[in-house]
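Trainee: Shown below is the structure under consideration.
The values are calculated or read from the model by the stated rules, or taken from the named source; none is laboratory data. Please read all numbers here as calculations on a predicted model, not as lab measurements. Counting neighbours? That spans all protein chains shown, and the Cβs are built from the backbone with ideal geometry, glycine included.
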Amino acid sequence: MRHAFLLAFLVACGGSPTPTGTVCPDPDPGTLTYENFGKPFMEKYCTWCHDKAIPRSQRNGAPIYHDYDSLIGVLETPDHIDEQAGSGPKASNGFMPPGRCPSTAGGSLSVDCQQPTEEERQQLSAWIACERVRPHTF
Amino acid sequence: MRVPFWIVIASALGGLAPGAARAEHDHGGGHHHPVDTVSSFAASVGLVAARYDTEVYAGDYQGVLPALGWMRGRFGASAAVGAYRLVENGLTRYGVSDVVLSAQATLAEANGAMFGVALAISLPTGDRYGGFGMGHMMVMPAVWGSGAMGRVRLGGSVGYGRAIGGEAHHDHGSWPLVDPMNLQELTWTANASVPLGSALQAGVKMSGGVPIGDGSNRVSGGVRAIWTQGQVETAFEVQAGFAGDPFILRGLVESAVHF
């Protein structure tokens, strides 16, 4: 019975954002890039709120400076992305996207958010792990 | 004027706002210490409204702040919590804050001056990710004192606050939104009040926190009036944040009954 209560408590709490421990293979396979994975992923799941063009009062709680409408924006807070939405050997984080989303960027929370599959979350962490160590010119 | 027991408790708690209690230890508010040998109690409710603009969040919040207090002789204890409606970057959330438990003792009293110690502990009942709580326990010992200078009563305190256990990252700037505090800091308060009649007092108050290690210096100040009618005391306070993004402007109304 005590274990049942503990389990119920942990489920209710939902755990906490945890680094997934994903590392980029050496050498970098280069299979997941911003163009073929990161950009479409962010546009599908994140930039409804995490877009620098959305004013603060319409971000539905998204923190300022957490804007994923560009690669440089993603690379400003890669750990947060991994801890909120990524999946890897040490954790599977499903804190983002939230339950409700706007149907248009910056709109009110009117629809259920699309949720990435477990495979997409693993790809997200894998891409972040590699992209952050790749050379960039910006 | 009878010893306003409630004001002693309120002073010990920094106006009873849970955050003020844990972070600012606003002792020595300028009131005589009751030397009663029987227990007395107090119950209060406060209403708070504020507008804030931190590093990554902006918005406003409104809260209801219930509190209970007990005092006997030189010793007192209290418990306080807040229930908030919090708007952060356009998202409205509802939640409770961290619970703050506080105990205090008056160590010395002479010629209207007092000196004492206090210990406040906050429990991580507030949602850390929603901006309602620290996400960990805080322990906050403090020393406080007060004394009279003519009609003006001066008071102040110096304390230390430290996070105990839990997750120790505040990576979104000033946090929690409803009552920011550093993971480790020195806290201070300074206040002055003057009676404007048999039932009314007016005063000013400054408070803040100086981080030890990572964090930001926090300073706020305000003016307040306390109206006493029988066993009921009502305080009105307007505060402004000067450093560290605690809030832009905050208003507080508290009413307490002591028995």
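Conditions (1) within 14 Å of another protein chain (Cβ to nearest Cβ); (2) in a loop (DSSP other than H, G, I, E, B); (3) modelled with pLDDT under 95; (4) loosely packed, with under 13 Cβ neighbours inside 10 Å, marked per residue:
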site: A:Ala4; (1), (2), (3), (4): no, no, yes, yes
site: A:Gly15; (1), (2), (3), (4): yes, yes, yes, yes
site: A:Thr31; (1), (2), (3), (4): no, yes, no, yes
site: A:His50; (1), (2), (3), (4): yes, yes, no, no
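Trainee: Any residue at all in region A:53-66 that's modelled with pLDDT of 95 or more and away from chain B (no Cβ under 12 Å)?
Mentor: There is at least one residue in region A:53-66 that is modelled with pLDDT of 95 or more and away from chain B (no Cβ under 12 Å).
Trainee: Given the structure, is B:Val178 surrounded by fewer than 22 Cβ atoms within 10 Å (Cβ to Cβ) and hydrophobic (A, V, I, L, M, F, W, C)? Please lay out each step first, then the result.
Mentor: Numbers: surrounded by fewer than 22 Cβ atoms within 10 Å (Cβ to Cβ): no; hydrophobic (A, V, I, L, M, F, W, C): yes.
When the stated conditions are applied, B:Val178 does not pass them.
Trainee: Within region A:52-85, how many residues are β-branched (Val, Ile, Thr) and under 12 Å from the mean Cα position of the chain (by Cα)?
Mentor: Residues of region A:52-85 that are β-branched (Val, Ile, Thr), as a first pass: A:54, A:64, A:72, A:74, A:77, A:81.
Add one more test, that the residue is under 12 Å from the mean Cα position of the chain (by Cα), and what stays is A:74, A:77, A:81.
Of the residues in that region, 3 qualify.
Trainee: Next question, about the same structure. Being in contact with a strand residue (DSSP E or B) (Cβ under 6 Å, 6 or more places away or on another chain) and farther than 15 Å from B:Val81 by Cβ is the filter here, so list the residues in region B:109-129 that pass it.
Mentor: B:Gly112, B:Ala113, B:Met114, B:Phe115, B:Gly116, B:Val117, B:Ala118, B:Leu119
Trainee: What are the residues in region B:96-137 that are crowded, with 24+ Cβ neighbours inside 10 Å, within 30 Å of A:Gln84 (Cβ to Cβ) and away from chain A (no Cβ under 14 Å), if any?
Mentor: B:Ser97, B:Asp98, B:Val100, B:Ser122 - these are the residues of region B:96-137 that are crowded, with 24+ Cβ neighbours inside 10 Å, within 30 Å of A:Gln84 (Cβ to Cβ) and away from chain A (no Cβ under 14 Å).
Trainee: Please find, within region B:51-72, the residue that is nearest to the other protein chains (Cβ to nearest Cβ) out of those that are surrounded by fewer than 24 Cβ atoms within 10 Å (Cβ to Cβ), under 17 Å from the mean Cα position of the chain (by Cα) and among the aliphatic types (A, V, I, L, M).
Mentor: Per the stated criteria, the residue is B:Val64.
Trainee: Report yes if A:Gly73 is touching a Phe, Trp or Tyr at 6+ places or on another chain (Cβ under 7 Å), at pLDDT 95 or above and in a helix (DSSP H, G or I), otherwise no.
Mentor: Working: touching a Phe, Trp or Tyr at 6+ places or on another chain (Cβ under 7 Å): no; at pLDDT 95 or above: yes; in a helix (DSSP H, G or I): yes.
Considered against the rule, which asks whether it is touching a Phe, Trp or Tyr at 6+ places or on another chain (Cβ under 7 Å), at pLDDT 95 or above and in a helix (DSSP H, G or I), A:Gly73 comes out as no.
Trainee: If you check B:Val210, B:Val204, which single one turns out to be under 24 Å from B:Phe247 (Cα atoms) and loosely packed, with under 15 Cβ neighbours inside 10 Å?
Mentor: Values: B:Val210 fails: loosely packed, with under 15 Cβ neighbours inside 10 Å.
Exactly one of B:Val210, B:Val204 is under 24 Å from B:Phe247 (Cα atoms) and loosely packed, with under 15 Cβ neighbours inside 10 Å, namely B:Val204.
Trainee: Moving to a separate point now. Take the residues in region B:77-95 that are touching a residue at least 40 places away in the same chain (Cβ under 8 Å) and within 12 Å of B:Leu177 (Cα to Cα), then tell me which one is nearest to the other protein chains (Cβ to nearest Cβ).
Mentor: B:Glu88
Trainee: Of the residues A:Asp26, A:Asp79, only one is surrounded by fewer than 13 Cβ atoms within 10 Å (Cβ to Cβ), among the acidic types (Asp, Glu) and either more than 14 Å from every other protein chain (Cβ to nearest Cβ) or not in a loop (DSSP other than H, G, I, E, B) (or both); which?
Mentor: Values: A:Asp79 fails: surrounded by fewer than 13 Cβ atoms within 10 Å (Cβ to Cβ).
Unique residue meeting the criteria: A:Asp26.
Trainee: Of these, B:Ser216, B:Ser198, which one is part of a loop (DSSP other than H, G, I, E, B) and more than 29 Å from B:Arg93 (Cβ to Cβ)? If you could, list the steps in order and put the result at the bottom.
Mentor: Numbers: B:Ser216 fails: more than 29 Å from B:Arg93 (Cβ to Cβ).
B:Ser198 is the lone residue from the list that is part of a loop (DSSP other than H, G, I, E, B) and more than 29 Å from B:Arg93 (Cβ to Cβ).
Trainee: Look at A:Pro116 and say whether it is touching a residue at least 40 places away in the same chain (Cβ under 8 Å), assigned to a loop (DSSP other than H, G, I, E, B) and in contact with a Leu (Cβ under 8 Å, 6 or more places away or on another chain).
Mentor: Working: touching a residue at least 40 places away in the same chain (Cβ under 8 Å): yes; assigned to a loop (DSSP other than H, G, I, E, B): yes; in contact with a Leu (Cβ under 8 Å, 6 or more places away or on another chain): yes.
Criteria met by A:Pro116.
Trainee: Which of the residues belonging to region A:83-93 are buried (at least 17 other Cβ atoms within 10 Å of the Cβ) and away from chain B (no Cβ under 13 Å)? Quick ask: steps written out before the conclusion?
Mentor: Of region A:83-93, the ones buried (at least 17 other Cβ atoms within 10 Å of the Cβ) are A:83-88, A:91, A:93.
A:Ala85, A:Gly86, A:Ser87, A:Gly88, A:Ala91 - these are the residues of region A:83-93 that are buried (at least 17 other Cβ atoms within 10 Å of the Cβ) and away from chain B (no Cβ under 13 Å).
Trainee: Hey, among the residues in region A:94-138 that are aliphatic (A, V, I, L, M) and more than 20 Å from A:Gln58 (Cα to Cα), which one's farthest from the other protein chains (Cβ to nearest Cβ)?
Mentor: Only one residue fits best here, namely A:Ala126.
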